[in-house]
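What follows is one structure encoded as structure tokens, with my remarks underneath.
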Ligand code: SF4
Ligand code: SF4
Ligand code: SF4
Ligand code: SF4
């Protein structure tokens with residue numbers, strides 16, 4: 001959504017930065033932008049030029065004697081560069097790796113100079129607040145979370161896109177009124193809020209007000225403002241696995257708990273979500289045991305990682321465990337995925353009454369797991385079935401049952 | 001200021017990090033990534049402690065103390081986290097201890113032991129890597145790397161080379177070279193300082209043990225060995241002796257026991273180097289040659305200059321290093337004298353240095369296809385061989401070096417400490433330029449661990465400016481000043497390793513600054529206590545010139561004792 005601000009109204013950002021810089025006496029400001037947003041970069045560049053010709057940026061701004069140079073720094077899309085010390089390293093031209101704080105950037109930051117780092121959204125709010133007054137801004141929102149917040153609504157929802165809501169709006173309103181509800185008549189299952197290291201909110205908590213404090217009580221966070229809606233066809237173990245995979249591949253690799261810990265967590269999730277017909281006893285034992293290690297591991301990653309990325313990495317797992325423990329248990333003990341997402345855990349059978357014996361499935365099955373003769377009901381050999389779902393796709397008579 | 005550690009008040013110093021305060025109290029906090037004297041990186045998380053008012057654990061290496069700070073250093077939460085960190089490292093570590101150079105001397109092993117790791121808690125995939133065997137001096141085994149980043153920091157922040165860095169992300173992160181081309185095509189100067197800080201067996205010298213052993217067992221060749229000035233004051237540490245204990249004679253005895261036919265001291269050829277180098281300096285001063293002149297005995301520094309300051313190659317002395325000079329006279333003068341075909345001589349050196357392994361293969365370090373030196377053992381390899389051959393080091397009777405190179409001056413011995421070459425050279429240069437001996441030999445200003453040391457010395461009417469740099473990373477400042485026109489310096493000694501050879505990349509692992517200072521003191525003590533303190537008065541050196549070489553910088557010298565350098569502007573060279 002920061003990109004939308006820059007593409008839509010870059011002057012708001014520039015004005016906000018100029019005011020903020022004036023406030024702290026900074027003479028140089030950087031906008032760190034993903035290199036893959038050329039439109040945003042171009043528009044910001046143009047806007048800075050225009051602002052310069054009007055004397056809003058540059059030397060002696062509006063005859064105040066105050067100078068400000070705004071530099072656009074293109075970044076190479078590393079998730080960890082959202083962490084402020086990594087971001088500083090990246091602007092300095094080094095590898096984006098966080099460093100321990102203190103010293104905080106406000107004391108010693110970019111090129112060892114005191115530095116303040118803010119999101120585009122925050123800075124872009126400044127001009128309006130200055131013009132309209134704090135009362136105006138505080139007029140919306142809740143006691144402790146003021147103003148509005150922009151969310152990127154996506155997933156299984158009728159209206160996707162950016163929405164700006166007052167703090168304190170309920171999740172239900174956002175999803176069912178603004179978002180238009182879940183399409184295709186499916187049921188709501190959860191929403192992932194706060195990006196890959198945020199948490200999920202189940203149906204039982206759907207009346208929650210969206211503000212900083214309430215989110216924390218359910219184990220989620222505002223984070224980047226991502227809001228991914230998931231319907232009943234979503235497997236929560238799979239969701240946790242997906243986010244853990246993302247975090248693992250975006251970890252900078254500097255500290256051990258995050259680098260090695262998230263990798264082991266991901267492997268545990270993979271073990272839970274996969275099934276082998278010839279699993280050895282040791283592997284079964286490992287699967288059971290690893291689940292026991294999972295929460296310990298999560299604690300250590302949270303406790304001992306260097307930066308926010310690592311500290312929040314276990315969130316998706318912890319929050320899905322908190323709200324959807326039963327799904328984990330089904331996966332681990334019953335070897336079932338209720339959302340039918342974890343393919344290897346699915347059992348494919350042929351409903352005899354419906355099967356016409358057309359042989360299509362038997363021909364298409366990549367492992368020759370389907371047996372039967374023409375015009376007679378067919379049969380699937382469990383041992384050979386790899387759960388690829390081909391038969392389900394090709395059967396014209398709805399005679400494949402999956403559970 | 002007071003801080004509170006496990007309910008006890010403890011004194012801490014304003015501005016220091018928690019780890020330092022705890023260590024002073026004798027509280028042992030494990031670390032993997034800490035390097036004293038450098039900014040903390042906070043990456044290994046082994047040093048975490050529990051702190052009142054903080055939701056997470058904080059790394060003590062990177063946390064500045066403040067009044068009243070309250071911590072727990074070994075609470076259940078802390079110890080559990082530390083143990084888990086070790087277990088996580090082990091889950092991606094080859095189970096190779098029995099085949100590893102660092103077996104018994106490995107920080108990861110030590111931490112696993114300290115934390116009672118007895119069970120494989122985390123299992124899963126391991127990364128697979130290729131061994132980087134490209135360099136003649138350093139071997140990298142990324143599979144054993146725990147990514148503590150110490151090598152990266154030493155290489156960049158101390159040595160100013162920066163040829164290795166983090167690459168990749170997540171569990172696939174690794175320490176790599178530019179374009180993953182391998183260490184030998186990078187700007188690596190082979191100093192081995194990275195090996196000294198590496199907690200594991202991920203970095204080690206390219207071993208010559210096997211080839212030397214094979215030759216010793218075959219007994220087909222005439223096998224000679226030289227040992228460098230600094231090794232006698234460091235190798236004892238490998239056998240439980242105090243840092244700085246001089247075991248020169250015992251080393252010689254051990255080498256004989258191993259089966260070397262002749263044992264020589266590189267300190268002898270350091271005297272020879274001084275004869276040539278002091279003559280070269282005198283010549284440059286008298287005949288308007290390129291000044292300041294730089295020493296050339298430290299091969300890492302030579303590579304550094306070729307790599308980063310190729311435009312200053314003419315400032316380098318053309319003298320070979322003492323190792324190469326002795327190698328050259330062994331396979332010429334000595335071979336003729338003993339009537340042995342140089343091809344039948346196998347010449348080994350025991351060095352404090354990894355770069356020496358690179359130096360022996362440099363262009364010009366031999367004649368025809370006979371190289372001056374055939375194999376280089378580091379102090380560590382030498383100690384290993386002593387153990388392997390069942391030699392009880394501490395019960396040996398001291399022995400002396402062989403003729404015709406049996407006598408050395410203490411000037412030659414001084415090469416082992418930073419500033420030593422300079423002192424030795426000035427003693428002889430003074431004599432060469434004035435015909436008189438220096439009145440006071442010691443030049444205190446150029447002793448010790450300071451990065452750049454300078455002094456002015458009167459040689460007759462001429463005030464000679466000298467500078468001594470130790471740690472090649474300190475060279476940049478001085479070189480830049482010289483390039484910017486500074487002209488009050490005539491002679492510069494530069495040693496690649498901080499402290500000089502006593503702290504070389506081939507020395508025993510785990511030396512702290514105190515040990516390094518003790519090693520230095522030992523060398524100066526030798527100089528103080530003996531009477532032959534100048535290279536030009538060494539009778540064996542005089543004989544070598546009389547019988548064979550003629551005079552310093554003469555025809556024979558040029559053929560045997562001098563060399564040339566190459567520009568390495570391109571990283572791929
Ligand atoms: S927590 Fe992860 S991303 Fe942050 S410094 Fe550690 S390894 Fe890097
Ligand atoms: S580096 Fe240490 S832990 Fe690893 S194999 Fe070598 S001795 Fe063992
Ligand atoms: S040997 Fe020296 S230059 Fe080479 S990588 Fe190690 S520290 Fe760097
Ligand atoms: S090679 Fe050694 S010093 Fe370098 S990061 Fe790996 S373990 Fe640390």
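Could you list, in sequence order, all residues of region A:32-72 that are in a loop (DSSP other than H, G, I, E, B) and under 35 Å from the mean Cα position of the chain (by Cα)?
Once the filter is applied, which keeps residues that are in a loop (DSSP other than H, G, I, E, B) and under 35 Å from the mean Cα position of the chain (by Cα), region A:32-72 yields A:35, A:36, A:37.
Can you tell me how many residues in region B:14-33 are surrounded by fewer than 11 Cβ atoms within 10 Å (Cβ to Cβ) and either touching a residue at least 40 places away in the same chain (Cβ under 8 Å) or over 30 Å from residue B:108 (Cβ atoms) (or both)?
Of the residues in region B:14-33, 2 are surrounded by fewer than 11 Cβ atoms within 10 Å (Cβ to Cβ) and either touching a residue at least 40 places away in the same chain (Cβ under 8 Å) or over 30 Å from residue B:108 (Cβ atoms) (or both).
Looking for whichever is surrounded by fewer than 24 Cβ atoms within 10 Å (Cβ to Cβ) and either touching a helix residue (DSSP H, G or I) at 6+ places or on another chain (Cβ under 6 Å) or not in a helix (DSSP H, G or I) (or both) here; the options are A:271, A:263. Which one fits?
When all the criteria are applied, what remains is A:271.
I'm trying to understand the selection: among the residues of region B:447-463, which are at negative phi and in contact (Cβ under 8 Å) with a residue 40 or more places away in the chain?
B:447, B:449, B:451, B:462
Among the numbered criteria (1) modelled with pLDDT under 95; (2) away from ligand 4 (no atom under 12 Å from the Cβ); (3) surrounded by fewer than 20 Cβ atoms within 10 Å (Cβ to Cβ), which single criterion is violated by residue B:117?
Every listed condition holds for residue B:117 apart from (1).
Please tell me if residue B:127 is part of a loop (DSSP other than H, G, I, E, B), within 22 Å of the chain's Cα centre (by Cα), within 15 Å of ligand 2 (Cβ to nearest atom) and surrounded by fewer than 17 Cβ atoms within 10 Å (Cβ to Cβ).
The answer is no for residue B:127.
For region A:141-168, which positions are out of contact with any strand residue (DSSP E or B) (no Cβ under 7 Å at 6 or more places or on another chain), outside any strand (DSSP E or B) and crowded, with 17+ Cβ neighbours inside 10 Å?
A:145
Please verify whether region B:198-207 includes one or more residues that are farther than 30 Å from residue A:266 by Cβ, within 10 Å of ligand 4 (Cβ to nearest atom) and part of a strand (DSSP E or B).
Yes - at least one qualifying residue is present in region B:198-207.
Here are some conditions: (1) in contact (Cβ under 8 Å) with a residue 60 or more places away in the chain; (2) in contact with a strand residue (DSSP E or B) (Cβ under 9 Å, 6 or more places away or on another chain). Residue A:197 meets all but one. Which one does it not meet?
(2)
Name the residues in region B:151-185 that are within 16 Å of ligand 1 (Cβ to nearest atom) and either over 18 Å from residue A:263 (Cβ atoms) or assigned by TED's automatic domain parsing to the domain that holds residue B:301 (or both), would you?
Scanning region B:151-185 gives B:152, B:153, B:165.
I'm trying to understand the selection: among the residues of region B:136-150, which are within 14 Å of chain A (Cβ to nearest Cβ) and either touching a helix residue (DSSP H, G or I) at 6+ places or on another chain (Cβ under 9 Å) or not in a helix (DSSP H, G or I) (or both)?
Of everything in region B:136-150, those that are within 14 Å of chain A (Cβ to nearest Cβ) and either touching a helix residue (DSSP H, G or I) at 6+ places or on another chain (Cβ under 9 Å) or not in a helix (DSSP H, G or I) (or both) turn out to be B:145, B:146, B:147, B:148, B:149, B:150.
Got a number for residues in region B:92-122 being within 13 Å of chain A (Cβ to nearest Cβ) and either within 16 Å of ligand 1 (Cβ to nearest atom) or closer than 20 Å to residue B:381 by Cβ (or both)?
Matching residues across region B:92-122 total 1.
Looking only at region A:123-140, count how many residues are without any contact (Cβ under 8 Å) to a residue 40 or more places away in the chain, surrounded by fewer than 14 Cβ atoms within 10 Å (Cβ to Cβ) and in a helix (DSSP H, G or I).
6
What's the number of the only condition in (1) buried (at least 21 other Cβ atoms within 10 Å of the Cβ); (2) within 16 Å of ligand 1 (Cβ to nearest atom); (3) more than 22 Å from residue B:31 (Cβ to Cβ) that residue B:85 fails to meet?
(3)
Tell me, yes or no, whether region A:254-273 has at least one residue that is away from chain B (no Cβ under 14 Å) and either touching a residue at least 12 places away in the same chain (Cβ under 8 Å) or closer than 30 Å to residue B:166 by Cα (or both).
Yes, some residue in region A:254-273 is away from chain B (no Cβ under 14 Å) and either touching a residue at least 12 places away in the same chain (Cβ under 8 Å) or closer than 30 Å to residue B:166 by Cα (or both).
Quick one: would you say residue B:406 is in the same structural domain as residue B:500 (by TED's automatic domain parsing), over 29 Å from residue B:462 (Cβ atoms) and over 22 Å from the mean Cα position of the chain (by Cα)?
Answer is yes for this residue.
Counting only residues that are within 30 Å of residue A:205 (Cβ to Cβ), more than 14 Å from every other protein chain (Cβ to nearest Cβ) and touching a strand residue (DSSP E or B) at 6+ places or on another chain (Cβ under 8 Å), give me the helices (runs of 4 or more DSSP H) lying completely in region A:281-376 with at least 2 of them.
A:315-323
In region A:385-396, how many are assigned to a loop (DSSP other than H, G, I, E, B) and either surrounded by 14 or more Cβ atoms within 10 Å (Cβ to Cβ) or not assigned by TED's automatic domain parsing to the domain that holds residue A:357 (or both)?
Counting residues in region A:385-396 that are assigned to a loop (DSSP other than H, G, I, E, B) and either surrounded by 14 or more Cβ atoms within 10 Å (Cβ to Cβ) or not assigned by TED's automatic domain parsing to the domain that holds residue A:357 (or both) gives 6.
Go through region B:204-240 and give me each residue that's in contact with a strand residue (DSSP E or B) (Cβ under 6 Å, 6 or more places away or on another chain) and within 16 Å of ligand 3 (Cβ to nearest atom).
Matches in region B:204-240: B:204, B:205, B:206.
Look through region B:162-175, keep the residues that are more than 16 Å from residue B:307 (Cβ to Cβ) and in contact (Cβ under 8 Å) with a residue 24 or more places away in the chain, and return whichever of them is farthest from the other protein chains (Cβ to nearest Cβ).
Among them, the one singled out is B:175.
Name the helices (runs of 4 or more DSSP H) wholly inside region B:306-370 in which the number of residues that are modelled with pLDDT of 95 or more and within 16 Å of ligand 3 (Cβ to nearest atom) is 2 or more.
B:355-359
Go through B:54, B:45 for me and flag whichever is more than 30 Å from residue B:449 (Cα to Cα), at pLDDT below 95, assigned to a loop (DSSP other than H, G, I, E, B) and not assigned by TED's automatic domain parsing to the domain that holds residue B:449.
Only one candidate qualifies: B:54.
Here are the criteria: (1) touching a residue at least 60 places away in the same chain (Cβ under 8 Å); (2) within 11 Å of chain A (Cβ to nearest Cβ); (3) touching a strand residue (DSSP E or B) at 6+ places or on another chain (Cβ under 7 Å). Tell me which single one residue B:133 does not satisfy.
Unmet for residue B:133, out of (1) touching a residue at least 60 places away in the same chain (Cβ under 8 Å); (2) within 11 Å of chain A (Cβ to nearest Cβ); (3) touching a strand residue (DSSP E or B) at 6+ places or on another chain (Cβ under 7 Å): (2).
Exactly one of these conditions fails for residue A:242: (1) surrounded by fewer than 18 Cβ atoms within 10 Å (Cβ to Cβ); (2) touching a helix residue (DSSP H, G or I) at 6+ places or on another chain (Cβ under 8 Å); (3) assigned to a helix (DSSP H, G or I); (4) away from every other protein chain (no Cβ under 14 Å). Give me its number.
Every condition holds for residue A:242 apart from (2).
The values are calculated or read from the model by the stated rules, or taken from the named source; none is laboratory data. Just so you know, these numbers come straight off a predicted model, no measurement behind them. Cβ atoms come from the backbone with ideal geometry, glycine included; neighbour counts cover every protein chain shown.
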